[in-house]
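Undergrad: This is the structure, below, for whatever I ask next.
The values are calculated or read from the model by the stated rules, or taken from the named source; none is laboratory data. Bear in mind that the values here come from a model prediction, so they are computed numbers and not experimental data. Here the Cβ positions follow ideal geometry from the backbone for every residue, glycine too, while neighbour counts run over all protein chains shown.
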Amino acid sequence: MVQNKNKDLDKKRHSLAHVLAMAVLERFPEAKIGIGPTIENGFYYDFDFSGAKKGIVPEDLPKIEERIKELISHDLKFKKEAITFEQAKKLFKNQKYKIELIKELNDQKKAISIYGTFGKDPKETFVDLCAGPHVKSTKEINKDAFKLTKLAGAYWRGSEKNQMLTRVYGVAFNTPDELKDYLKLLEEAEKRDHRVLGEKMDLFMFDENIGKGLPLWLPKGYLIRHLIEDYIYKVEQENGYLHVLTPELAKEVLYKTSGHLAHYKEDMYCPIEIENEKYYLRPMNCPHHHSIYKHKLRSYKDLPLRIAEFGTVYRYERSGVLSGLIRVRGFTQNDAHIYITPEKLEAEIIKISEIHKKVFDDFKILDYWFRLSLPNFKNKEKYGDIKNKKMWEQGAEALKKVLNKQKIKFVEGVGEATFYGPKIDVQIKNIYGKEDTIATIQVDYYSAGRFNLNYIDKDGKEKSVVIIHRAILGSFERFFAFLLEKTAGVLPLWLAPAQVRIINIGEGHRKYAEDILSELKKNKIRAELSDEDSTVSKKIREAELQKIPYILVVGDKEIQNKSVNVRHYKRGQEGEVDLDAVIKKINEEIENKA
């Protein structure tokens, strides 16, 4: 029943995209139309206004929205029709983007269909190249349950080589109440957006002169990141990982061997010519780690060998998909590669999943789930050079067995596997409801053959290793963004860049405030003294805007009693407390990652 309900809503959203195109073309008749699919929570349509007298602006959206409501109330009918290639070319002769799609459909020998939208007024007619499905009539759509939300730039078909189009976004639901709830959620999400918080809290920035998607970590942001790195380094060391450092570029031959140039070239930066040889910025760390493994012949007694690195990689992400720290072009992975014998594979995956649980518990991450990402062997472009499908199936079975043994619920994602192996992805929804991968465990039977990665077994025979690729935190950039959004910037005490701010009521209390600062620092508590020349209430407000966990206010009474007046960001006013007791409490909270 729920599935049918979702399908019905999807049809409404798709139909709204067509009515949106009608309304836009009425207002901008010279515009060219691209595509108008449904997306999570709504729909969009792409337009090219380059030939129009004027382009669309945000102020146009309410007027277009009102016209869509009018068209909905006119009970427009949707009708599908199959047409020939020649008919399609004639019908869309003035729409170059549609002609491009029509030619592709014809080359692929696929059926060409159109949907007509018809009203009683002949002017209220719109025909689009579309396979559907749609509602039978606009009377099925609640005109008070949708809203146009924003404009954005989008390259035609996602390629920067193509024309930049204007994308009009909308959201739609079954009822006005569902729309109202979603818009409230959106409003709250915008407050939690890590890009907004990053600027307000002075954590990171971007500079056009450096390049899109290349973040600059500011002192406070880098401190938080360093604390996260230090934490995961200790966890990995305790679990038998050996940390290495490898170069951020390598010769072309390495990526030919790894298969990246065959499968991943479009996501790699162009080569750098050095002494008549091509070098590439690395898109992944694994080929470098394989080189370390291959440095000498290993025995089964040496395995598992766990090589870890906080390795910076570079990927050519398209401008349209860049999004703060969540989608960047240069980022650092919490990466590790485990070289292991086949019989120890399952036990090692269990060990990794236990590390996942410990780390996520420490960061108080609860709302995640698992996806078993499998290959789709019909996709020859991605999986075409796989020779031993049986080994892939064994890897997938090992992952599934671990999930079932630990009673972990999971979904399957066919076609989501990498080109070198099946994997478990740890999935989570961001503040906008979009699904993101924040961690992964991948089984690789592919790379050992390409790199000739072997070990000597107990019988003295040379055999191929199995490789596990794993990233507990994914990339530090994405994890940082996720943590910032989930906490709304109110980071746990152990991660807060400033854990305590001391505020003296008057100048006569300054010396005591400085003594407290010195005592806190002796106890390795990150503290700072408010140096603003303003009222106490304003100083408190400023500390709260910076989301500092503890505020300690001192005046005559506190000097006399050797105490501090404590205010906590979440718990509120806690009153006068002995300084030693406060220090003890803060240190306990830091130690327990409260």
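Undergrad: Would you mind telling me which numbered condition in (1) small (Gly, Ala, Ser); (2) in contact (Cβ under 8 Å) with a residue 60 or more places away in the chain; (3) surrounded by fewer than 18 Cβ atoms within 10 Å (Cβ to Cβ) Gly36 fails?
TA: (3)
Undergrad: Test Tyr293 against the criterion of being farther than 26 Å from Val235 by Cα, assigned to a helix (DSSP H, G or I) and aromatic (Phe, Trp, Tyr), and give yes or no. Spell out how you get there, then give the answer.
TA: Details: farther than 26 Å from Val235 by Cα: no; assigned to a helix (DSSP H, G or I): yes; aromatic (Phe, Trp, Tyr): yes.
Here the answer is no, as Tyr293 does not meet what is asked.
Undergrad: It is to be established whether one or more residues within the range 91-102 are of a type in the set (Lys, Arg) and surrounded by 12 or more Cβ atoms within 10 Å (Cβ to Cβ). Don't jump to the end; show me each part of the working.
TA: Filtering the range 91-102 for residues of a type in the set (Lys, Arg) gives 93, 96, 98.
Narrowing the set further to residues that are surrounded by 12 or more Cβ atoms within 10 Å (Cβ to Cβ) leaves 96, 98.
Taking every residue of the range 91-102 in turn, at least one turns out to be of a type in the set (Lys, Arg) and surrounded by 12 or more Cβ atoms within 10 Å (Cβ to Cβ).
Undergrad: For the range 1-104, which helices (runs of 4 or more DSSP H) that fit wholly inside it have 2 or more residues that are acidic (Asp, Glu) and over 14 Å from Val168 (Cβ atoms)? Spell out the reasoning first.
TA: Values: elements: 2-27, 61-73, 85-91.
Correct list: 2-27, 61-73.
Undergrad: Return the residue satisfying two criteria in turn: it lies in the range 40-64 and is under 16 Å from Gly153 (Cβ atoms) and β-branched (Val, Ile, Thr), and of such residues it is surrounded by the fewest Cβ atoms within 10 Å (Cβ to Cβ).
TA: Once the filter is applied, the top-ranked residue is Val57.
Undergrad: Restricting attention to the range 503-547, report how many residues are of a type in the set (S, T, N, Q), surrounded by 17 or more Cβ atoms within 10 Å (Cβ to Cβ) and not in a loop (DSSP other than H, G, I, E, B).
TA: We begin by selecting, within the range 503-547, every residue of a type in the set (S, T, N, Q); these are 504, 518, 523, 530, 534-535, 537, 546.
In the following step, the residues that additionally are surrounded by 17 or more Cβ atoms within 10 Å (Cβ to Cβ) were identified as 504, 530, 546.
Imposing the further condition that a residue be not in a loop (DSSP other than H, G, I, E, B) reduces the set to 504.
Within the range 503-547, residues that are of a type in the set (S, T, N, Q), surrounded by 17 or more Cβ atoms within 10 Å (Cβ to Cβ) and not in a loop (DSSP other than H, G, I, E, B) number 1.
Undergrad: Of a type outside the set (Val, Ile, Thr) and touching a Pro at 6+ places or on another chain (Cβ under 8 Å): does that describe Lys11?
TA: Values: of a type outside the set (Val, Ile, Thr): yes; touching a Pro at 6+ places or on another chain (Cβ under 8 Å): yes.
Criteria met by Lys11.
To keep it simple, each residue is scored yes or no on (1) crowded, with 17+ Cβ neighbours inside 10 Å; (2) in a strand (DSSP E or B); (3) not assigned by TED's automatic domain parsing to the domain that holds Leu249.
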{"site": "Ala262", "(1), (2), (3)": "no, no, no"}
{"site": "Glu266", "(1), (2), (3)": "no, no, no"}
{"site": "Tyr269", "(1), (2), (3)": "no, no, no"}
{"site": "Tyr280", "(1), (2), (3)": "yes, yes, no"}
{"site": "Pro283", "(1), (2), (3)": "yes, no, no"}
{"site": "His289", "(1), (2), (3)": "yes, no, no"}
{"site": "Lys301", "(1), (2), (3)": "no, no, no"}
{"site": "Ile307", "(1), (2), (3)": "yes, yes, no"}
{"site": "Gly311", "(1), (2), (3)": "yes, yes, no"}
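Undergrad: Got a number for residues in the range 313-344 being β-branched (Val, Ile, Thr), over 23 Å from Leu403 (Cα atoms) and not in a strand (DSSP E or B)? Break it down stepwise before answering.
TA: Taking the range 313-344 first, the residues β-branched (Val, Ile, Thr) are 313, 321, 326, 328, 332, 338, 340-341.
This time we only want the ones that are over 23 Å from Leu403 (Cα atoms), so: 313, 321, 326, 328, 332.
The next check asks that each one be not in a strand (DSSP E or B); those that pass are 321, 326, 328.
Here the count works out to 3.
Undergrad: Can you report the number of residues in the range 105-116 which are surrounded by 12 or more Cβ atoms within 10 Å (Cβ to Cβ) and part of a helix (DSSP H, G or I)?
TA: To start, the set of residues in the range 105-116 that are surrounded by 12 or more Cβ atoms within 10 Å (Cβ to Cβ) comprises 105-106, 112-116.
Applying the additional criterion that residues be part of a helix (DSSP H, G or I) yields 105-106.
Looking only at that region, the number is 2.
Undergrad: A further question on this structure: Within the range 442-474, restricting attention to residues that are in a strand (DSSP E or B) and among the charged types (D, E, K, R), which residue is surrounded by the fewest Cβ atoms within 10 Å (Cβ to Cβ)?
TA: Within the range 442-474, the subset in a strand (DSSP E or B) is 442-444, 454-456, 462-464, 466-474.
Of the ones still in play, those that are also among the charged types (D, E, K, R) are 444, 462-463, 470.
Numbers: Asp444: 25, Glu462: 10, Lys463: 14, Arg470: 25.
Going through the qualifying residues, I end up with Glu462.
Undergrad: Go through the range 397-417 residue by residue and tally those that are surrounded by fewer than 22 Cβ atoms within 10 Å (Cβ to Cβ) and within 24 Å of the chain's Cα centre (by Cα).
TA: Going through the range 397-417 one residue at a time, the tally reaches 10.
Undergrad: Among residues belonging to the range 314-329 that are out of contact with any helix residue (DSSP H, G or I) (no Cβ under 7 Å at 6 or more places or on another chain) and surrounded by fewer than 19 Cβ atoms within 10 Å (Cβ to Cβ), point out the one that is nearest to Val466 (Cα to Cα).
TA: Filtering the range 314-329 for residues out of contact with any helix residue (DSSP H, G or I) (no Cβ under 7 Å at 6 or more places or on another chain) gives 314, 317, 319, 321-323, 329.
Then keep just the ones that are surrounded by fewer than 19 Cβ atoms within 10 Å (Cβ to Cβ); that gives 317, 319, 321-323.
Working: Glu317: 30, Ser319: 36, Val321: 34, Leu322: 34, Ser323: 35 Å.
My answer is Glu317.
Undergrad: Quick one: is Tyr550 buried (at least 18 other Cβ atoms within 10 Å of the Cβ) and of a type in the set (Phe, Trp, Tyr)?
TA: Details: buried (at least 18 other Cβ atoms within 10 Å of the Cβ): yes; of a type in the set (Phe, Trp, Tyr): yes.
Here the answer is yes, as Tyr550 does meet what is asked.
Undergrad: In addition: Hey, Leu179 hits all of (1) surrounded by 15 or more Cβ atoms within 10 Å (Cβ to Cβ); (2) modelled with pLDDT under 95; (3) under 30 Å from Glu70 (Cα atoms) but one; which does it fall short on?
TA: (2)
Undergrad: Also, I was wondering about something else. Hey, among the residues in the range 196-218 that are in contact (Cβ under 8 Å) with a residue 60 or more places away in the chain and more than 18 Å from Glu317 (Cα to Cα), which one's surrounded by the fewest Cβ atoms within 10 Å (Cβ to Cβ)?
TA: Among residues in the range 196-218 that are in contact (Cβ under 8 Å) with a residue 60 or more places away in the chain and more than 18 Å from Glu317 (Cα to Cα), the one surrounded by the fewest Cβ atoms within 10 Å (Cβ to Cβ) is Lys200.
Undergrad: Only one of these conditions is not met by Gly489: (1) of a type outside the set (Phe, Trp, Tyr); (2) part of a loop (DSSP other than H, G, I, E, B); (3) at pLDDT 95 or above. Which number is it?
TA: Failing condition for Gly489: (3).
Undergrad: So, in the range 560-575, of the ones that are of a type in the set (D, E, K, R) and surrounded by 13 or more Cβ atoms within 10 Å (Cβ to Cβ), which residue ends up nearest to Glu514 (Cα to Cα)?
TA: Looking at residues that are of a type in the set (D, E, K, R) and surrounded by 13 or more Cβ atoms within 10 Å (Cβ to Cβ), I get Arg567.
Undergrad: Go through (1) more than 27 Å from the chain's Cα centre (by Cα); (2) closer than 25 Å to Glu435 by Cα for Arg318 and report which single condition fails.
TA: That leaves (1) as the condition not met.
Undergrad: Let me ask something else. Please determine, by comparing only the residues of the range 219-249 that are farther than 19 Å from Asn430 by Cβ and β-branched (Val, Ile, Thr), which one is surrounded by the most Cβ atoms within 10 Å (Cβ to Cβ).
TA: Checking each candidate, the answer is Ile232.
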